[in-house]
Structure formats: C-alpha cells, structure tokens
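Reading through the structure tokens given below for one structure.
The values are calculated or read from the model by the stated rules, or taken from the named source; none is laboratory data. Note that the coordinates shown come from a computational prediction; the quantities given were computed from them, not determined experimentally. Cβ atoms come from the backbone with ideal geometry, glycine included; neighbour counts cover every protein chain shown. These accessible areas exclude ligands, DNA and RNA; they are computed on the full protein's heavy atoms, side chains included. Shrake-Rupley method; radii C 1.70, N 1.55, O 1.52, S 1.80 Å.
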Amino acid sequence: MIATRTAVAASGPSADEVRPGHRPSERTAFTVMAWIYLSLAVVFEIVFALGASASEGFTKPKASVITLIGVVGGIVFISFALKTLDVGVGYPIWTGAGAVGTVVFGALLFKEKITLPKVVCFLAIIGGVVGLKTLSGA
C-alpha cells in the first residue's frame, strides 16, 4: 500500500483529482505542482536542445547521453503538468520558454550572437507565455 501511494504521488495529480467538487486548497496545490512540473519540463527542454547541439549529431557520447536525459525528463514532466494544465496553455509555454532559455544559454555556452531582431522575437515569445499564464486562470 505504501509503494502504491508513493507511485501515485510521484506521478502527479490525475485529471479526476482536479475536477470541481474538490476543496479549493486541493485544486490550488495541484495547480502549483503543475507549474512546478512545467518549470522542470522547461529546464529539461533547454538541456535537450543544448545537448543536441553539443552532441554534433550524436557523435559525442557524453553530450548524447545528456541529450537523451533532457528528452526523457522533458517529456515526463510536461506529461505530469498536462494532467492539470490545458494543453493549449502548457505546451506553448513549454516550447516558448524552452526556446528563449535555449537562445540565452546558447549565447552563454556556445558564444552565439544575440541580435536586436532576436531580442524583439524573445520579447514576443515571453509576452505570449505571460499572456497564456495570465489568461489560463491557473
């Protein structure tokens, strides 16, 4: 029984657990966890993208392993987040925030240039992410 509870808790809330009829504090806790899962998914998305670049077509073993960890971690955590968040909110935030983070860290780690047009586009992405978060009501 303890192992079952641990497995259920580790997998995040189910859609049934966040439906109306539950106490507001329960819904709030599930929503907070969903945003934490989404944040972790973004981190793994950035790790995946940077690792893919560093792996040079999977010819570098360490970078290739990092890439695979990023892919798996990103998919796992976005899946947990989407148990609570609408896919139309969670997925665009995941990809948008991941894209901005990848560009920023790409500049820091790989000395890629950040130009004014890129900055304008980042701001548009960030604005979209903030808008989706705000309008989601979560």
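Brief remarks follow.
- Scanning the range 23-50 for residues that are modelled with pLDDT under 90 and open to solvent by 70 Å² or more (accessible area, probe 1.4 Å) returns Arg23, Pro24, Ser25, Arg27, Thr28.
- Residue within the range 95-116 that is within 11 Å of Ala41 (Cα to Cα), assigned to a helix (DSSP H, G or I) and touching an Asp or Glu at 6+ places or on another chain (Cβ under 6 Å) present: yes
- Residue match in the range 91-105 (condition: of a type outside the set (Ser, Thr, Tyr), open to solvent by 70 Å² or more (accessible area, probe 1.4 Å) and over 14 Å from the mean Cα position of the chain (by Cα)): yes
- Whichever residue in the range 73-88 is open to solvent by less than 20 Å² (accessible area, probe 1.4 Å) and assigned to a helix (DSSP H, G or I) and, among such residues, is nearest to Glu45 (Cα to Cα): Gly74
- Test: residue in the range 51-69 that is surrounded by 14 or more Cβ atoms within 10 Å (Cβ to Cβ), part of a helix (DSSP H, G or I) and under 12 Å from the mean Cα position of the chain (by Cα): no
- Ile114, sole failed condition from (1) within 21 Å of Thr134 (Cβ to Cβ); (2) over 12 Å from the mean Cα position of the chain (by Cα); (3) open to solvent by 70 Å² or more (accessible area, probe 1.4 Å): (1)
- Against the list (1) under 23 Å from Thr31 (Cα atoms); (2) open to solvent by 80 Å² or more (accessible area, probe 1.4 Å); (3) in contact (Cβ under 8 Å) with a residue 40 or more places away in the chain, the condition Leu109 fails is (1).
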